[in-house]
Amino acid sequence: MTAAVPVLVITGPVGVGKSTIANEAAWLLRQADVPHALVDLDRIEQCWPVPADDPWNERVSHRNLACMWANFRQAGADRLILARVLETRSLLRRVTEAVPGAQITVVRLRAPLAVLHERIRSREAGDPDWFLGAATHTAEVFEQAQVEDHLVDNENRPATVVAEEVLHGVGWLHRAVGQ
């Protein structure tokens with residue numbers, strides 16, 4: 001029988017701060033001595049060319065995730081933080097295939113579209129147009145799809161505060177770090 005693996009998926013539209021909050025959550029868990037691993041799925045799917053029938057490289061991403069999780073598990077991680085755009089819960093099927101025993105909780109970060117656009121313009125040195133369009137599209141999709149188990153505001157709040165709220169909400173952190 002496969003052991004249960006708590007999996008926290010941090011999602012939201014482009015520019016909402018998924019990677020930042022996931023990194024901060026991992027840091028908070030380290031400070032609390034909670035064994036875990038962090039994977040930003042956007043980072044492990046980058047491969048060219050992409051198959052015509054899989055334009056977001058989901059298959060490569062989740063094959064990579066399966067290999068990484070096996071290594072993380074062997075190294076002592078007992079839970080997993082994933083950062084990704086998750087427009088529909090049906091995409092979680094691939095996570096459960098890659099992480100045997102996955103018990104998934106989805107936390108969606110939310111911020112106003114103007115904030116998303118401001119963040120994108122400040123981080124994309126080249127042409128931000130694709131990212132601005134993606135932020136607008138995904139923000140609309142998320143408001144309709146409601147893929148989340150928990151919704152957390154990420155507008156003008158310190159990353160540590162948001163990450164603590166996320167971790168408290170899923171029961172992974174029971175006290176403030178440093179207390």
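What follows is calculated from the coordinates using simple rules that are stated; it is not laboratory data. Note that the coordinates shown come from a computational prediction; the quantities given were computed from them, not determined experimentally. Neighbour counts are summed over all protein chains in view; Cβ atoms, including those assigned to glycine, are modelled from backbone coordinates with ideal geometry.
Brief remarks on what is shown
- Helix-only [θ]222 nm of the chain, DSSP H runs n ≥ 4, -39500 (n - 2.57) each, per residue, nearest 500: -14000 deg cm²/dmol
- Entry note, the stretch 82-179: relative contact order of 36 percent, from Cα contacts under 8 Å with a spacing of 6+ residues.
- Cα gyration tensor shape for the stretch 90-179, rounded if a/c is under 1.5, else prolate or oblate: oblate
- Cβ-placed point charges (K, R +1; D, E -1), dipole of the chain about Cα centre in debye, nearest 20: 500 debye
- Gain in span if fully extended, Q146 to D42, counting 0.36 nm per residue against the direct Cα distance: 35.3 nm
- Tensor-based shape of the stretch 129-172 (alpha-carbon gyration tensor, a/c under 1.5 rounded, otherwise prolate or oblate): oblate
- Estimated FRET transfer efficiency when R0 is 35 angstrom, pair W27-Q74 (beta carbons, to 0.05): 0.95
- Taking a ≥ b ≥ c as the square roots of the eigenvalues of the alpha carbon gyration tensor, the chain is oblate, as a/c is not under 1.5 and a/b does not beat b/c.
- For GluC sites (Glu not before Pro), no site in the stretch 1-105 is both called loop by DSSP and has at most 11 other Cβ atoms within 10 Å.
- Label positions at D53 and A125, each projected 7 Å from the Cα along the C-beta direction, are separated by 3.9 nm.
- Under 14 Å, Cβ to Cβ, from A134 - net charge with Lys/Arg +1 and Asp/Glu -1: -1
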